[in-house]
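Remarks on the structure that follows.
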Amino acid sequence: MSSTVWWEGVEKTRVLIAPDSGCGGGKPGELLTLRHPKSENGTCYLFNNGMLQEIQWFKQSYGSWFLGDYISQDGSLYMATPVDPVFILLPVFDQARMKKGDDPGKFRQLDEILFVEGYPDYQHLLSLAEKCMEIVCQTQEVGSMKFYRLDNSKVLAWLTCKVRCLKKTLPALDKNYAAQDEKQTLVDAVSIVGEYLKTEPWLKLLYDHLGLEFVDPVTKETNTETFPNAIENKMDYSNSSQEKANKKTGKPGKQTKQAKVETGSKNIRDMFSRACKKKC
């Protein structure tokens, strides 16, 4: 894990757990604002040592951090977890090919594809895209120049592989998956992968390819604040929850005692949500 570091321009201290960059000098990496592949909302990612990571956060109702002689009032815990950059870049490459009807679209160079209006941080991913996007693209070389075009069949094959691998992994992560039938586990795997896919066309194509009945996913409410200021919305949510509790007890303004939480297994996915915003 990396030592305590501060990003330039960040006014408030937050606690972030992230892999050590291994570069020495306490270099923390870069915070990039990119579009979320499903919602298209501006979302904050950590780009560290050539690895793209999404920022997730967890917060209890009350808590603070003691950091040496400093106390951080925000008790949130932020975690940077690796994400496959193909998911993040898929919508950008899809839009860049300018596909119309049966026309497969145009071949374009990476610097053109990653020029996304309003999101200059995509330019940081040029070398990463060059390494990872051939798996879902057709390529052509003209002299020293290389051109890319997204290929639907390659995308579908790659998504299917992702789902199959996840289906094998889930029973080992959660005993509830091990107890259910394989088809339901497959549906759950598609649902998890679907959190990074637009319904049209990829998610529907994936359901159809796997022979599953398409179920329109319920879009989860996501936090609209960004790292490191995501806590503000969380505080609003906590206050709103407290007001609802007060109304039920008929004692507005008075905090109610929280019921003791039973110890038991929880789905780890329910403990985290992504921190995102229109800008970092």
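To the nearest 10, the accessible area of W158 is 20 Å² with a 1.4 Å probe. What is the percent carbon and sulfur in the accessible area of segment 47-160, measuring with a 1.4 Å probe over the protein chains and ignoring ligands? Exposed carbon and sulfur together represent 52 percent of the surface.
Packing-based ranking of 187-199, 137-149, 86-98 yields 86-98, 187-199, 137-149, ordered from highest to lowest mean Cβ neighbour count within 10 Å.
Round to the nearest 0.05 the FRET efficiency obtained for C161 and Q60 when R0 = 25 Å and r is the Cβ-Cβ distance. Working from the Cβ atoms, E equals 0.10.
Post the alpha-carbon centroid distance, segment 160-184 to segment 45-92, in whole angstrom. Cα centroid to Cα centroid, the span is 26 Å. Rolling a 1.4 Å probe over the heavy atoms of the protein chains gives segment 114-225 an accessible area of 60 Å² per residue. Taking the Cα atoms of segment 70-158, the ratio Rg/Rh between the radius of gyration and the Kirkwood radius comes to 1.13.
The values are calculated or read from the model by the stated rules, or taken from the named source; none is laboratory data. Because the structure is a prediction, the values reported are computed rather than measured. Methodologically, a virtual Cβ is constructed for each residue, glycine included, from the backbone with ideal geometry; neighbour enumeration extends over all protein chains shown. These area figures cover heavy atoms from the full protein model, side chains too; ligands, DNA and RNA do not enter into them. Shrake-Rupley method; radii C 1.70, N 1.55, O 1.52, S 1.80 Å.
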